[in-house]
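See structure below.
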Amino acid sequence: MKQTASFGDPARYVTHLHVAEDCLDLPYTREIIARANLPMTMVGERDVPAIEGDYPANLTRGKHHLWLCRNRGVFFKPCPGTREYRCCNYQVLNIGMNCPMDCVYCILQAYLNNPWLSFFVNIEDLFAELDQALAAEPNRFFRIGTGEFTDSLALDNLTLLSPKLVEYMARQPNAVLELKSKSVNIENLEGLDHRGRTLVAWSLNSPPIMAREEIRTATLDERLAAAACCAEWGYKLAFHFDPIILHEGWEEGYRFTIDRLFAAVPAEAIAWISMGALRYLPSLKQIAADRFPHSRFFYQEFVDGLDGKRRYFRSQRVAMYRFILERLRKHAHPRTCIYFCMENDTIWREVFGFAPEEQGGLPAMLDRSVGWFGGLGRQG
Ligand code: SF4
């Protein structure tokens, strides 16, 4: 099946640095400036980078610009799940906003209102906040991810944040970190004493979707080769089939990707695999139509979900999930947790034959897959 040519490191798309004046003297900021070696503009404390044009039309241009600044809000908070759909109790570690890659379906286009990329350089505050949160609940197990408002590794060759996070997590008795990416910037993960506390994860899709709708991302083969490498370095892996998109030949496409995945990566290294059919805020459709006029998948039939997002009809979702689950189960290790991101109990029952509560709840199912058995410490 045809795959696109590789773009390489998406950080190459960044051509200009903006540095907040109050961050210039931080050693970490200095380090990044020296490593990036890019034209640089200082930004006053109350200012933001100046990018020509209006949002979201200036988003393509804005992705060339990286703003090194301070996070004045919180770094660490629960993933914004909703009551209506089963959520997995994930915790988001907010390392920055926006991403140099450009997926047509990216929810950040509708969620953010600034075109530039931000990266937070006050990482002492980040670690202090983590220290406090993890110590406050020693009997709770935290699954933490940095890939909610940005890609976890896309800028890592500029920021070199991943070794700091991995080494920090290695010392934590009650948490794991998931680095989720569509890039293959894994070089900084080699040789680290991660102690099984970091998982490396990739989003996967059917090859035509990856080729047409995921701009500047790594190819399927690149992602799988990087995953195999991380498994060799002892990292646990995770994969996310999200968003699953209805398209001509979808069965063949997803089958191809799944078979390729298990041919490339040892099944026992995979802690979890999620499935999530396309869902989007209504405002995203127009943004994507303007920015990517060639793209067609938003013109299918959708229904309004209880969380305000549009989804495929239930029967369509169930058909796609059943097909993908059956293929995954052909290869997956029995300990790998296969689950839905944001689906209701009816869909769980129709596809898996049970609701998460019958297995102790989705958070517990995921915790078990990385060897945590509710308050008893890490085993396995
Ligand atoms: S890689 Fe993720 S964060 Fe980046 S554009 Fe694609 S969906 Fe958005």
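The values are calculated or read from the model by the stated rules, or taken from the named source; none is laboratory data. Source: prediction; values computed, not measured. Here the Cβ is made from the backbone with ideal geometry for all residues, glycine too, and neighbour counts use every protein chain on show.
Structure summary
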{"quantity": "Selection within the range 287-304 - surrounded by 14 or more Cβ atoms within 10 Å (Cβ to Cβ) and either within 18 Å of ARG349 (Cα to Cα) or hydroxyl-bearing (Ser, Thr, Tyr) (or both)", "calculated": "SER295"}
{"quantity": "Boolean, PHE119 is outside any loop (DSSP other than H, G, I, E, B), within 18 Å of the chain's Cα centre (by Cα) and closer than 27 Å to ARG30 by Cβ", "calculated": "yes"}
{"quantity": "Pick from the range 162-181, criterion within 23 Å of ALA225 (Cβ to Cβ) and in contact with a helix residue (DSSP H, G or I) (Cβ under 7 Å, 6 or more places away or on another chain), ranking: nearest to the ligand (Cβ to nearest atom)", "calculated": "LEU179"}
{"quantity": "Matching residues in the range 182-198 - criterion: being within 15 Å of the ligand (Cβ to nearest atom) and either surrounded by fewer than 16 Cβ atoms within 10 Å (Cβ to Cβ) or under 16 Å from TRP233 (Cβ atoms) (or both)", "calculated": "VAL184, ASN185"}
{"quantity": "Neighbours by Cβ (under 6 Å, 6+ apart or cross-chain): first from the range 149-160, over 22 Å from LYS77 (Cα atoms) and more than 15 Å from the ligand (Cβ to nearest atom); second assigned to a loop (DSSP other than H, G, I, E, B) and among the acidic types (Asp, Glu)", "calculated": "ASN157/ASP9"}
{"quantity": "Residue count, the range 112-145 (criterion: among the aromatic types (Phe, Trp, Tyr) and either surrounded by fewer than 18 Cβ atoms within 10 Å (Cβ to Cβ) or within 30 Å of ILE287 (Cβ to Cβ) (or both))", "calculated": "4"}
{"quantity": "In the range 28-46, the residues that are under 17 Å from ASN122 (Cβ atoms) and within 28 Å of the chain's Cα centre (by Cα)", "calculated": "TYR28, THR29, ARG30, GLU31, ILE32, ILE33"}
{"quantity": "Qualifying positions in the range 1-41 - hydrophobic (A, V, I, L, M, F, W, C), more than 30 Å from GLU252 (Cβ to Cβ) and loosely packed, with under 12 Cβ neighbours inside 10 Å", "calculated": "ALA34"}
{"quantity": "Some residue of the range 245-254 being buried (at least 16 other Cβ atoms within 10 Å of the Cβ), outside any helix (DSSP H, G or I) and among the small types (Gly, Ala, Ser)", "calculated": "no"}
{"quantity": "Top-ranked residue of the range 122-148 - restricted to ones that are part of a loop (DSSP other than H, G, I, E, B) and closer than 30 Å to ARG61 by Cα, ranked as nearest to the chain's Cα centre (by Cα)", "calculated": "GLY147"}
{"quantity": "Candidate set from the range 315-346 (those that are acidic (Asp, Glu) and surrounded by fewer than 21 Cβ atoms within 10 Å (Cβ to Cβ)); member that is modelled with the lowest pLDDT", "calculated": "ASP345"}
{"quantity": "Count of residues meeting criterion [within 17 Å of SER203 (Cβ to Cβ) and without any contact (Cβ under 8 Å) to a residue 12 or more places away in the chain] in the range 95-136", "calculated": "1"}
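Per-residue answers, yes or no, for (1) at pLDDT 95 or above; (2) at negative phi; (3) among the charged types (D, E, K, R); (4) in a helix (DSSP H, G or I):
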site: LYS2; (1), (2), (3), (4): no, yes, yes, no
site: GLY8; (1), (2), (3), (4): no, no, no, no
site: ASP22; (1), (2), (3), (4): yes, yes, yes, yes
site: ARG35; (1), (2), (3), (4): yes, yes, yes, yes
site: ARG61; (1), (2), (3), (4): yes, yes, yes, yes
site: GLU84; (1), (2), (3), (4): no, yes, yes, no
